[in-house]
Amino acid sequence: MNEMSPRPNNIDAFWMPYSANRAYKSEPRMLARAEGMYYYTNDNREVPDGTAGLWCCNAGHGRREITEAIQRQAATMDFAPTFNMGHPLAFQAAAKLAEITPDGLDRIFFTNSGSEAADTALKIALAYHRARGQAQRVRLIGRERGYHGVGFGGMSVGGIGANRKQFGALLPYVDHLPHTHNLAANAFSRGQPAHGAELADALEGLVALHGDTIAAVMAEPLAGSTGVLVPPVDYLRRLRALCDKHGILLIFDEVITGFGRLGANFGSEALGVVPDLLTMAKGLTNAAVPMGAVAVHERIYQAIVEGAPAGIELFHGYTYSGHPLASAAAIAMMDLHRAENLPGRAREMAPYFEDAVHGLRDLPNVIDVRNLGLVAGIELAPRAGKPSDRAMRVFHRCFDAGVLIRTTGDIVALSPPLVMERAHMDRIVETLADAVRAEAA
Ligand SMILES: Cc1ncc(COP(=O)(O)O)c(C=O)c1O
């Protein structure tokens with residue numbers, strides 16, 4: 001397009017991520033502004049946010065404290081490099097973050113996204129074993145239905161067929177554990193399902209196959225993107241024990257379970273299992289500026305950094321690692337997280353949220369409702385020969401009736417901002433129920 005002749009309302013140029021571009025552009029739905037629990041459309045319709053943007057805005061939208069911190073920093077210093085150079089906010093943001101990460105995971109590597117955090121964690125795991133003289137540990141284990149973003153590492157370790165099939169051979173030396181989703185045994189569980197802890201034992205089978213070549217297992221404590229798969233009781237503890245037994249690092253991908261979503265600072269704390277590395281993004285800055293991070297156990301940092309010859313210890317980093325605006329936003333967000341006790345709010349609201357979503361169980365085509373903290377999945381029976389169609393239509397109906405939800409396949413995922421009140425939840429659930437009824441046929 002020629003700069004001199006701008007075409008107003010041109011929506012062709014933006015190749016939308018993870019989107020049905022043709023369908024969207026034939027019937028676009030725009031968000032124009034946001035405040036607190038609400039988005040507003042171009043025509044100023046109020047839309048309660050049932051998804052915190054994209055599992056992002058845990059403190060609600062447009063938080064003044066974060067906006068002002070970003071504005072101040074932009075006026076003071078727009079950018080500063082962090083390669084062999086520093087600026088105070090990056091160090092402050094890391095120190096504040098380390099106050100809420102699980103004990104021992106006190107070294108923070110900043111990235112710009114969850115995908116970058118996933119790839120960073122995998123690289124650190126490989127570098128750790130090499131630094132300790134175990135360079136044969138090159139194998140990375142993920143889980144079916146896991147999502148770790150779109151970098152080649154995260155995509156390879158991730159377990160979603162559709163995300164992989166367009167992109168060739170991916171990383172070598174990757175294997176997968178089975179997923180834990182089992183409708184026959186666990187449908188309509190409230191909180192952690194009772195059945196499936198033994199699925200962690202599949203790691204023994206992979207060790208039998210691959211010997212001592214496994215570097216790390218990466219898993220989401222609660223798998224979000226493939227439709228809210230809540231870990232069975234005792235599953236994560238068993239996975240942790242097997243990793244310890246076989247000298248394998250455990251990486252939790254907490255990009256959506258971090259920052260209060262499950263009623264504690266991180267899913268690790270909520271579920272009582274501490275990994276060796278923990279990735280995060282989204283809620284870290286309330287999504288006001290892109291930022292991700294990996295929290296790394298002190299012992300891993302020591303092995304890589306103290307064991308290295310003089311000079312650069314880890315040949316990895318991003319131009320924007322610890323970007324001043326993102327660091328300012330993260331510091332302000334961490335202060336809000338603490339001052340407003342966002343994990344406590346999620347914990348308090350969780351029983352009401354649970355009752356509200358389980359109230360949907362008798363609607364037509366609802367084959368499961370599952371939940372933990374302030375996350376819920378409502379699984380719908382797919383239309384014959386048209387997977388995802390029912391849920392996509394439910395999504396459109398909800399938006400047109402004034403509520404934003406998220407769907408993945410035929411599963412509706414709810415993850416509202418943690419500052420949600422009961423009345424917001426009532427409205428979200430009533431609108432969703434009407435939409436599910438309307439798509440009964
Ligand atoms: C568990 C998990 N890991 C990684 C990512 C990727 O994050 P990003 O889209 O910021 O790269 C996501 C995004 O939803 C996620 O849910």
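Where a number appears in this text, it was derived from the coordinates with a stated rule and is not lab data. Not measured: the values here are computed from a predicted model. In this analysis, Cβ positions are derived from the backbone assuming ideal geometry, glycine residues included, and neighbour counts consider all displayed protein chains.
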Quick one: of the DSSP bridges fully inside segment 34-175, what percent are antiparallel, nearest 5? 75
Spin-label model distance (nm) - A34 vs R299, 7 Å beyond Cα toward Cβ: 3.9
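Could you tell me which trypsin sites (Lys or Arg not before Pro) in segment 18-55 are loop residues by DSSP with no more than 15 other beta carbons within 10 angstrom of their beta carbon?
Sparse-neighbourhood loop trypsin sites (Lys or Arg not before Pro): R29, R45.
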Could you check what % of the DSSP bridge pairs in the chain are antiparallel, to the nearest 5? 70
Low-density loop cleavage sites - trypsin sites (Lys or Arg not before Pro) in segment 149-213, where at most 14 other Cβ are within 10 Å (DSSP): K165
Average silhouette area of segment 32-187, convex hull of alpha-carbon atoms, in square nanometres: 15.0
Please work out the C-alpha center-to-center distance from segment 280-307 to segment 385-399 and express it in whole Å. 37
Shape verdict for segment 245-335, please, from the Cα gyration tensor: rounded (a/c under 1.5), prolate (a/b greater than b/c) or oblate. oblate
Neighbour-count ranking for I300, I70, I256 (other C-beta within 10 angstrom, fewest to most) reads I70, I300, I256
Sorting Y352, Y39 on the 10 Å Cβ count, fewest up front, what's the list? Y352, Y39
Ranked list, fewest to most other Cβ atoms within 10 Å of each Cβ, for S415, S113: S113, S415
Between T76 and A241, the two model label points (7 Å from Cα along the beta-carbon direction) sit apart by a distance in nm of 4.9
Please report the equivalent ellipsoid semi-axes of segment 349-395, computed as sqrt(5 x eigenvalue) of the Cα gyration tensor, largest first, in whole Å. 23, 10, 8
Cα-only Rg/Rh for the chain with Kirkwood Rh rounds to 0.96
Cα gyration tensor, segment 131-212 - rounded (a/c under 1.5), prolate or oblate: oblate
Using a Förster distance of 51 Å, how high is the FRET efficiency between N44 and A208, based on the Cβ-Cβ distance and rounded to 0.05? 0.25
Which value in deg cm²/dmol, rounded to the nearest 500, describes the helix-derived mean residue ellipticity at 222 nm for the chain, given -39,500 (n - 2.57) per DSSP H run of n ≥ 4 and division by the residue count? -10500 deg cm²/dmol
Among 361-367, 221-227, how do they line up from the highest to the lowest mean number of other beta-carbon atoms within 10 Å? 221-227, 361-367
Based on the Cβ-Cβ distance from A194 to A381, what FRET efficiency comes out when R0 is 22 Å, to the nearest 0.05? 0.40
